[in-house]
1. Please work out how much accessible surface Val173 shows to a 1.4 Å probe, ignoring ligands, DNA and RNA, in Å² rounded to 10.
2. Expressed in nm², what is the orientationally averaged projection area of the convex hull enclosing the Cα positions of the stretch 79-232?
3. How are the alpha carbon pair distances in the chain distributed across 10 Å bins from zero to the largest one, expressed in percent?
4. If you fit an axis through the alpha-carbon atoms of helix 128-143 and take the longest principal axis of the Cα set of the chain, what angle between them do you get, 0 to 90°, nearest 10?
5. Could you work out the Rg to Rh ratio of the stretch 3-169, with Rh taken as the Kirkwood radius (inverse of the mean 1/r over all Cα pairs)?
6. Carbon and sulfur: what percent of the stretch 12-72's accessible surface (1.4 Å probe)?
7. Relative to the longest principal axis of the chain, what angle (0 to 90°, nearest 10) does the C-alpha long axis of helix 190-203 take?
8. List nothing, just return the count: lysine pairs in the chain, 8 or more apart or interchain, with Cα separation under 30 Å.
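The values are calculated or read from the model by the stated rules, or taken from the named source; none is laboratory data. Because the structure is predicted, anything quoted here is derived from the model rather than measured. Reconstructed Cβ throughout: ideal geometry from the backbone, glycine too, with neighbour counts over all protein chains shown. Quick note on the areas: whole protein, heavy atoms, side chains included, nothing else; ligands and nucleic acids left out. Shrake-Rupley method; radii C 1.70, N 1.55, O 1.52, S 1.80 Å.
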Amino acid sequence: MKSCGATAPGKVILFGEHAVVYHRPAIAVPVMSVQAKVDLQETGAHHDVRIIAPDLGRDYRLAEAEADDALALIIRLALARFQQVVPPEATLTVTSSIPLGRGLGSGAAISTAVVRCLAQFYGQPLTPAEISELVYEVEKLYHGTPSGIDNTVIAYQQPVYFIREQPIERLSVRDSFTLVVGDTGQVSPTHKAVGHVRRQWQADPQRFESLFDEAGQIAAAARNVIEQGGSVVRLGRLMNDNQAVLEALGVSSSELEQLIEAARQAGAWGAKLSGAGWGGNMIALVEPERAAAVADALLKAGATGYIITEVAPS
Ligand code: PMV
(Lines give C-alpha, C1' and ligand atoms only; values in the text may rest on other atoms or scores of the structure.)
Protein backbone atom coordinates (compact mmCIF):
# COMPACT_ATOMS: atom_id res chain seq x y z
CA MET A 1 0.00 0.00 0.00
CA LYS A 2 1.37 3.38 -1.00
CA SER A 3 1.59 6.33 1.36
CA CYS A 4 3.04 9.82 1.19
CA GLY A 5 3.17 13.07 3.08
CA ALA A 6 3.79 16.73 2.32
CA THR A 7 3.87 20.07 4.10
CA ALA A 8 3.56 23.76 3.23
CA PRO A 9 4.42 26.83 5.32
CA GLY A 10 2.38 29.80 6.51
CA LYS A 11 3.09 33.31 5.25
CA VAL A 12 2.95 36.95 6.23
CA ILE A 13 2.47 39.96 4.00
CA LEU A 14 5.17 42.50 4.87
CA PHE A 15 3.93 45.30 2.64
CA GLY A 16 1.12 46.14 0.25
CA GLU A 17 -1.93 44.03 1.18
CA HIS A 18 -5.21 45.24 -0.38
CA ALA A 19 -3.40 47.58 -2.80
CA VAL A 20 -2.01 44.37 -4.36
CA VAL A 21 -5.55 43.47 -5.46
CA TYR A 22 -5.38 46.68 -7.56
CA HIS A 23 -2.09 45.70 -9.22
CA ARG A 24 0.25 47.58 -6.88
CA PRO A 25 3.35 45.67 -5.71
CA ALA A 26 3.42 43.80 -2.40
CA ILE A 27 5.99 41.82 -0.43
CA ALA A 28 5.33 38.51 1.32
CA VAL A 29 7.54 35.94 3.02
CA PRO A 30 6.93 32.33 4.08
CA VAL A 31 6.76 31.53 7.79
CA MET A 32 8.42 28.14 8.11
CA SER A 33 7.74 27.64 11.83
CA VAL A 34 4.05 27.01 11.15
CA GLN A 35 3.05 24.37 8.64
CA ALA A 36 0.10 22.58 7.09
CA LYS A 37 0.65 18.84 6.80
CA VAL A 38 -1.10 16.29 4.60
CA ASP A 39 -0.72 12.51 4.76
CA LEU A 40 -2.20 10.13 2.24
CA GLN A 41 -2.43 6.46 3.04
CA GLU A 42 -3.69 3.95 0.53
CA THR A 43 -6.23 1.61 2.14
CA GLY A 44 -7.90 -0.26 -0.70
CA ALA A 45 -10.88 -0.39 1.64
CA HIS A 46 -13.31 2.07 0.07
CA HIS A 47 -13.73 3.30 -3.47
CA ASP A 48 -13.14 6.89 -2.54
CA VAL A 49 -10.91 9.30 -0.60
CA ARG A 50 -11.76 9.52 3.08
CA ILE A 51 -10.87 13.05 4.25
CA ILE A 52 -9.99 13.53 7.91
CA ALA A 53 -9.30 16.98 9.35
CA PRO A 54 -9.08 16.51 13.13
CA ASP A 55 -8.48 20.25 13.82
CA LEU A 56 -11.82 20.99 12.16
CA GLY A 57 -13.56 17.94 13.63
CA ARG A 58 -14.27 16.66 10.12
CA ASP A 59 -14.30 13.15 8.71
CA TYR A 60 -16.08 12.66 5.38
CA ARG A 61 -15.87 11.16 1.90
CA LEU A 62 -14.80 13.04 -1.22
CA ALA A 63 -17.88 11.79 -3.07
CA GLU A 64 -20.17 13.30 -0.38
CA ALA A 65 -18.43 16.68 -0.11
CA GLU A 66 -20.40 19.90 -0.67
CA ALA A 67 -19.71 21.79 -3.90
CA ASP A 68 -17.96 24.63 -2.03
CA ASP A 69 -15.74 22.39 0.11
CA ALA A 70 -12.18 23.69 -0.33
CA LEU A 71 -10.44 20.42 0.47
CA ALA A 72 -12.61 18.45 -1.94
CA LEU A 73 -12.08 21.10 -4.62
CA ILE A 74 -8.29 21.02 -4.44
CA ILE A 75 -8.29 17.19 -4.40
CA ARG A 76 -10.53 17.12 -7.51
CA LEU A 77 -8.40 19.76 -9.27
CA ALA A 78 -5.24 17.80 -8.51
CA LEU A 79 -6.77 14.49 -9.65
CA ALA A 80 -7.79 16.13 -12.94
CA ARG A 81 -4.28 17.57 -13.31
CA PHE A 82 -2.79 14.10 -12.85
CA GLN A 83 -5.34 12.62 -15.30
CA GLN A 84 -6.89 10.40 -12.65
CA VAL A 85 -10.52 9.68 -13.51
CA VAL A 86 -11.02 7.47 -10.44
CA PRO A 87 -10.00 8.80 -7.00
CA PRO A 88 -7.51 6.70 -5.03
CA GLU A 89 -8.76 4.33 -2.36
CA ALA A 90 -7.05 6.21 0.42
CA THR A 91 -7.33 8.22 3.61
CA LEU A 92 -6.14 11.81 3.44
CA THR A 93 -5.39 13.44 6.81
CA VAL A 94 -4.89 17.18 7.15
CA THR A 95 -3.39 18.88 10.19
CA SER A 96 -2.05 22.40 10.53
CA SER A 97 -0.26 24.56 13.07
CA ILE A 98 -1.16 27.70 11.09
CA PRO A 99 -3.90 29.66 12.87
CA LEU A 100 -7.04 29.38 10.74
CA GLY A 101 -8.54 32.42 9.01
CA ARG A 102 -6.16 34.92 10.55
CA GLY A 103 -4.11 36.16 7.61
CA LEU A 104 -1.30 33.59 7.79
CA GLY A 105 -2.31 31.72 4.65
CA SER A 106 -3.75 28.59 6.27
CA GLY A 107 -6.08 27.86 3.33
CA ALA A 108 -3.42 28.23 0.64
CA ALA A 109 -0.96 26.19 2.72
CA ILE A 110 -3.41 23.28 3.12
CA SER A 111 -4.18 23.33 -0.62
CA THR A 112 -0.45 23.43 -1.46
CA ALA A 113 0.28 20.49 0.84
CA VAL A 114 -2.59 18.49 -0.75
CA VAL A 115 -1.22 19.08 -4.27
CA ARG A 116 2.35 18.28 -3.22
CA CYS A 117 1.17 15.07 -1.55
CA LEU A 118 -0.87 13.89 -4.56
CA ALA A 119 2.00 14.79 -6.91
CA GLN A 120 4.19 12.41 -4.90
CA PHE A 121 1.49 9.76 -4.77
CA TYR A 122 1.18 9.69 -8.57
CA GLY A 123 4.90 10.24 -9.17
CA GLN A 124 4.15 13.37 -11.22
CA PRO A 125 6.20 16.26 -9.83
CA LEU A 126 4.85 19.75 -10.46
CA THR A 127 6.74 23.06 -10.55
CA PRO A 128 5.93 25.73 -7.94
CA ALA A 129 4.22 27.70 -10.75
CA GLU A 130 1.95 24.75 -11.56
CA ILE A 131 1.11 24.20 -7.89
CA SER A 132 0.43 27.90 -7.40
CA GLU A 133 -1.95 27.92 -10.37
CA LEU A 134 -4.03 25.04 -8.96
CA VAL A 135 -4.15 26.59 -5.49
CA TYR A 136 -5.24 29.91 -6.99
CA GLU A 137 -8.43 28.21 -8.25
CA VAL A 138 -9.40 27.41 -4.65
CA GLU A 139 -8.42 30.89 -3.41
CA LYS A 140 -10.95 32.29 -5.90
CA LEU A 141 -13.72 30.31 -4.23
CA TYR A 142 -13.06 32.05 -0.91
CA HIS A 143 -11.75 35.48 -1.75
CA GLY A 144 -13.71 36.43 -4.86
CA THR A 145 -10.92 38.53 -6.36
CA PRO A 146 -7.67 37.23 -4.85
CA SER A 147 -4.48 38.88 -6.04
CA GLY A 148 -2.70 35.50 -5.98
CA ILE A 149 -0.04 36.58 -3.48
CA ASP A 150 -0.86 33.85 -0.92
CA ASN A 151 -0.66 30.89 -3.31
CA THR A 152 2.50 32.34 -4.89
CA VAL A 153 4.55 32.91 -1.71
CA ILE A 154 3.47 29.56 -0.26
CA ALA A 155 3.91 27.41 -3.38
CA TYR A 156 7.34 28.97 -4.14
CA GLN A 157 8.21 29.00 -0.43
CA GLN A 158 10.38 32.07 -0.94
CA PRO A 159 10.15 35.81 -0.29
CA VAL A 160 8.35 37.44 -3.23
CA TYR A 161 7.89 40.90 -4.68
CA PHE A 162 4.49 40.34 -6.15
CA ILE A 163 2.50 42.21 -8.76
CA ARG A 164 -0.83 40.70 -9.77
CA GLU A 165 -0.86 39.00 -13.17
CA GLN A 166 2.84 39.59 -13.71
CA PRO A 167 5.62 37.00 -13.68
CA ILE A 168 6.82 36.24 -10.16
CA GLU A 169 9.81 38.22 -8.91
CA ARG A 170 11.78 36.55 -6.14
CA LEU A 171 12.97 38.95 -3.50
CA SER A 172 16.56 38.56 -2.46
CA VAL A 173 17.06 39.30 1.22
CA ARG A 174 20.51 40.72 1.95
CA ASP A 175 20.53 40.82 5.78
CA SER A 176 18.33 38.68 7.97
CA PHE A 177 15.66 40.41 10.03
CA THR A 178 13.36 39.32 12.84
CA LEU A 179 9.59 39.58 13.03
CA VAL A 180 7.21 39.04 15.90
CA VAL A 181 3.77 38.03 14.63
CA GLY A 182 0.97 38.77 17.10
CA ASP A 183 -2.48 37.21 16.90
CA THR A 184 -5.64 39.17 17.84
CA GLY A 185 -7.40 35.78 18.00
CA GLN A 186 -10.15 37.18 15.80
CA VAL A 187 -11.07 35.30 12.65
CA SER A 188 -11.45 37.71 9.77
CA PRO A 189 -12.83 36.42 6.46
CA THR A 190 -10.63 37.96 3.76
CA HIS A 191 -13.48 38.54 1.32
CA LYS A 192 -15.28 40.85 3.79
CA ALA A 193 -12.42 43.32 4.18
CA VAL A 194 -11.61 43.05 0.46
CA GLY A 195 -15.30 43.74 -0.37
CA HIS A 196 -15.32 46.76 1.96
CA VAL A 197 -12.28 48.25 0.23
CA ARG A 198 -13.87 47.64 -3.17
CA ARG A 199 -17.08 49.45 -2.22
CA GLN A 200 -15.12 52.40 -0.80
CA TRP A 201 -12.97 52.50 -3.94
CA GLN A 202 -16.09 52.52 -6.13
CA ALA A 203 -17.52 55.37 -4.06
CA ASP A 204 -14.34 57.47 -4.10
CA PRO A 205 -11.96 56.11 -6.76
CA GLN A 206 -9.62 59.10 -6.72
CA ARG A 207 -8.90 58.91 -3.00
CA PHE A 208 -8.50 55.14 -3.01
CA GLU A 209 -6.30 55.06 -6.10
CA SER A 210 -3.96 57.49 -4.41
CA LEU A 211 -3.91 55.36 -1.22
CA PHE A 212 -3.10 52.30 -3.35
CA ASP A 213 -0.32 54.28 -5.05
CA GLU A 214 1.08 55.21 -1.66
CA ALA A 215 1.07 51.56 -0.53
CA GLY A 216 2.76 50.56 -3.79
CA GLN A 217 5.48 53.18 -3.36
CA ILE A 218 6.08 51.98 0.20
CA ALA A 219 6.44 48.36 -1.02
CA ALA A 220 8.87 49.44 -3.76
CA ALA A 221 10.95 51.41 -1.24
CA ALA A 222 10.92 48.44 1.15
CA ARG A 223 12.15 46.17 -1.61
CA ASN A 224 15.24 48.37 -2.04
CA VAL A 225 15.97 48.31 1.68
CA ILE A 226 15.53 44.52 1.91
CA GLU A 227 17.66 43.85 -1.17
CA GLN A 228 20.40 46.30 -0.27
CA GLY A 229 20.39 45.52 3.46
CA GLY A 230 21.39 47.69 6.33
CA SER A 231 18.62 49.98 7.39
CA VAL A 232 16.27 48.15 9.69
CA VAL A 233 15.18 51.53 11.10
CA ARG A 234 14.01 52.63 7.65
CA LEU A 235 12.24 49.32 7.08
CA GLY A 236 10.40 49.77 10.38
CA ARG A 237 9.33 53.29 9.39
CA LEU A 238 8.02 51.96 6.10
CA MET A 239 5.94 49.43 8.04
CA ASN A 240 4.49 52.23 10.15
CA ASP A 241 3.73 54.24 6.98
CA ASN A 242 2.02 51.21 5.45
CA GLN A 243 -0.08 50.79 8.61
CA ALA A 244 -1.25 54.42 8.27
CA VAL A 245 -2.40 53.67 4.71
CA LEU A 246 -4.21 50.51 5.87
CA GLU A 247 -5.98 52.56 8.56
CA ALA A 248 -7.04 55.06 5.88
CA LEU A 249 -8.34 52.14 3.79
CA GLY A 250 -10.53 51.22 6.78
CA VAL A 251 -9.22 47.69 7.36
CA SER A 252 -7.53 48.13 10.74
CA SER A 253 -9.27 47.54 14.09
CA SER A 254 -8.89 48.70 17.68
CA GLU A 255 -7.53 45.26 18.67
CA LEU A 256 -4.89 45.38 15.92
CA GLU A 257 -3.94 48.94 16.83
CA GLN A 258 -3.60 48.00 20.49
CA LEU A 259 -1.09 45.28 19.58
CA ILE A 260 0.74 47.52 17.09
CA GLU A 261 1.07 50.27 19.71
CA ALA A 262 2.25 47.78 22.36
CA ALA A 263 4.94 46.45 20.00
CA ARG A 264 6.18 49.98 19.20
CA GLN A 265 6.22 50.90 22.90
CA ALA A 266 8.24 47.76 23.63
CA GLY A 267 10.91 48.86 21.16
CA ALA A 268 9.88 47.45 17.77
CA TRP A 269 11.30 49.33 14.77
CA GLY A 270 7.88 49.33 13.20
CA ALA A 271 4.59 47.41 13.20
CA LYS A 272 1.53 46.94 11.03
CA LEU A 273 -1.38 44.60 10.44
CA SER A 274 -0.67 41.74 8.05
CA GLY A 275 -3.22 40.27 5.65
CA ALA A 276 -6.80 41.34 5.22
CA GLY A 277 -7.15 43.14 8.57
CA TRP A 278 -10.24 43.56 10.81
CA GLY A 279 -8.64 40.97 13.06
CA GLY A 280 -6.12 38.29 12.28
CA ASN A 281 -2.44 39.00 12.82
CA MET A 282 -0.07 41.95 13.06
CA ILE A 283 3.70 41.94 12.57
CA ALA A 284 6.46 43.87 14.30
CA LEU A 285 10.03 44.31 13.07
CA VAL A 286 12.41 43.90 16.00
CA GLU A 287 16.03 43.68 17.03
CA PRO A 288 16.50 39.92 17.68
CA GLU A 289 17.39 40.68 21.34
CA ARG A 290 14.06 42.53 21.79
CA ALA A 291 11.89 39.79 20.30
CA ALA A 292 10.98 38.16 23.61
CA ALA A 293 10.16 41.52 25.26
CA VAL A 294 7.97 42.55 22.31
CA ALA A 295 6.20 39.16 22.36
CA ASP A 296 5.56 39.61 26.08
CA ALA A 297 4.17 43.11 25.51
CA LEU A 298 1.84 41.70 22.83
CA LEU A 299 0.48 39.07 25.22
CA LYS A 300 -0.08 41.74 27.90
CA ALA A 301 -1.94 43.85 25.32
CA GLY A 302 -4.33 40.97 24.59
CA ALA A 303 -2.63 38.86 21.91
CA THR A 304 -3.80 35.23 22.00
CA GLY A 305 -0.48 33.98 20.64
CA TYR A 306 2.68 34.99 18.86
CA ILE A 307 5.34 33.64 16.52
CA ILE A 308 8.94 34.86 16.39
CA THR A 309 10.34 34.30 12.91
CA GLU A 310 13.56 35.23 11.16
CA VAL A 311 13.58 36.19 7.49
CA ALA A 312 16.87 34.71 6.35
CA PRO A 313 19.09 35.94 3.48
CA SER A 314 18.02 34.41 0.16
O1 PMV B 1 -5.47 36.02 3.06
P2 PMV B 1 -5.02 37.25 3.78
O3 PMV B 1 -5.84 37.61 4.96
O4 PMV B 1 -3.56 37.29 4.02
O5 PMV B 1 -5.29 38.49 2.77
C6 PMV B 1 -4.75 38.49 1.51
C7 PMV B 1 -4.26 39.82 1.16
C8 PMV B 1 -5.23 40.77 0.48
O9 PMV B 1 -4.38 41.70 -0.20
C10 PMV B 1 -6.07 41.50 1.50
C11 PMV B 1 -6.13 40.08 -0.52
C12 PMV B 1 -5.42 39.56 -1.76
O13 PMV B 1 -6.06 38.81 -2.50
O14 PMV B 1 -4.27 39.90 -2.02
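1. 10
2. Orientation-averaged projected area of the Cα hull: 11.7 nm².
3. Final binned percentages: 6, 28, 33, 21, 10, 2, 0.
4. Approximately 80 degrees, to the nearest ten.
5. Numbers: Rg = 15.4 Å, Rh = 15.9 Å.
Reported Rg/Rh (Cα atoms, Kirkwood Rh): 0.97.
6. Values: 1270 of 2510 Å².
The C+S portion of the solvent-accessible surface of the stretch 12-72 is 51 percent.
7. 50
8. Lysine pairs satisfying the spacing and distance rule in the chain number 14.
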